Amino acid sequence: MDVIEEVIRKKSSVKTKNWRKAHKQIKALLEQKFDFSQVYEETFKHYEEKNKLYLEIYCISSLDQYSKLKLELDIDIQTEDLVGNVNIASTATLITTYPEDTPFRKSLFYFALRSMWDKIYYGWARAKFRDFAKQLSNDVNEQLIEFLSTVK
């Protein structure tokens, strides 16, 4: 059973002086500056005839044994020679996965108990995770904008 909750969406724009160099370093920046357990580029599309580049990067951070944070970055770059106008759309999602490995854990009774437990106890932990997700999303956006504006 998964409980999926979108926490925050954010859009921002910045101009970079060398989009090729920036593209090569974005993933490394995310891996080094932030404590993500996984960072991977899901999609890379370069439309040379339209002077466009599209990246989709997923950043995963484990929060505890049940929950993880997934930060999805959609990066559109309108290129002109080396200069690029970059649009960043980020979505932070909190994903809680409860085990369903036994017949009891697949039963309706278990779902009712788990639901009560989630609302009464674990909801408090998820509220802390939501705050963390908002802060992390804002930090990632700020770091990306700062990095992209200074790339030469």
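Here, each number is a calculation from the coordinates, and none is a lab measurement. What you see is a predicted model; the values in this text were computed from it and never measured. No Cβ is skipped: glycine too gets one built from the backbone with ideal geometry, and neighbour counts run over all protein chains shown.
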Go over the candidates GLU100, GLU80 one by one and state the one that is over 22 Å from ASN141 (Cα atoms), touching a residue at least 24 places away in the same chain (Cβ under 8 Å) and touching a helix residue (DSSP H, G or I) at 6+ places or on another chain (Cβ under 6 Å).
GLU100
Looking at SER13, SER61, which one is assigned to a strand (DSSP E or B), more than 29 Å from ARG126 (Cα to Cα), touching a residue at least 40 places away in the same chain (Cβ under 8 Å) and of a type in the set (Ser, Thr, Tyr)?
SER13
Of all residues in region 59-70, which are surrounded by fewer than 16 Cβ atoms within 10 Å (Cβ to Cβ) and not aliphatic (A, V, I, L, M)?
SER62, ASP64, GLN65
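Using the structure shown, decide if ILE95 is farther than 30 Å from LYS15 by Cα and in a strand (DSSP E or B).
So ILE95 passes the test.
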VAL39 - would you say it is touching a Ser or Thr at 6+ places or on another chain (Cβ under 7 Å) and in a strand (DSSP E or B)?
no
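Yes/no per residue for (1) loosely packed, with under 15 Cβ neighbours inside 10 Å; (2) under 15 Å from the mean Cα position of the chain (by Cα):
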{"residue": "GLU72", "(1), (2)": "no, yes"}
{"residue": "GLY84", "(1), (2)": "no, no"}
{"residue": "THR91", "(1), (2)": "no, yes"}
{"residue": "LYS119", "(1), (2)": "yes, no"}
{"residue": "TRP124", "(1), (2)": "yes, no"}
{"residue": "ASP131", "(1), (2)": "yes, yes"}
{"residue": "PHE147", "(1), (2)": "no, no"}
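Looking at region 30-47, is at least one residue crowded, with 16+ Cβ neighbours inside 10 Å, of a type in the set (A, V, I, L, M) and either more than 19 Å from the chain's Cα centre (by Cα) or within 16 Å of ILE145 (Cβ to Cβ) (or both)?
Initial filter on region 30-47 (crowded, with 16+ Cβ neighbours inside 10 Å): 30, 36, 39.
If we keep only those that are of a type in the set (A, V, I, L, M) as well, we get 30, 39.
Pick out the ones that are also either more than 19 Å from the chain's Cα centre (by Cα) or within 16 Å of ILE145 (Cβ to Cβ) (or both) and you get 30.
The answer is yes, given that some residue of region 30-47 is crowded, with 16+ Cβ neighbours inside 10 Å, of a type in the set (A, V, I, L, M) and either more than 19 Å from the chain's Cα centre (by Cα) or within 16 Å of ILE145 (Cβ to Cβ) (or both).
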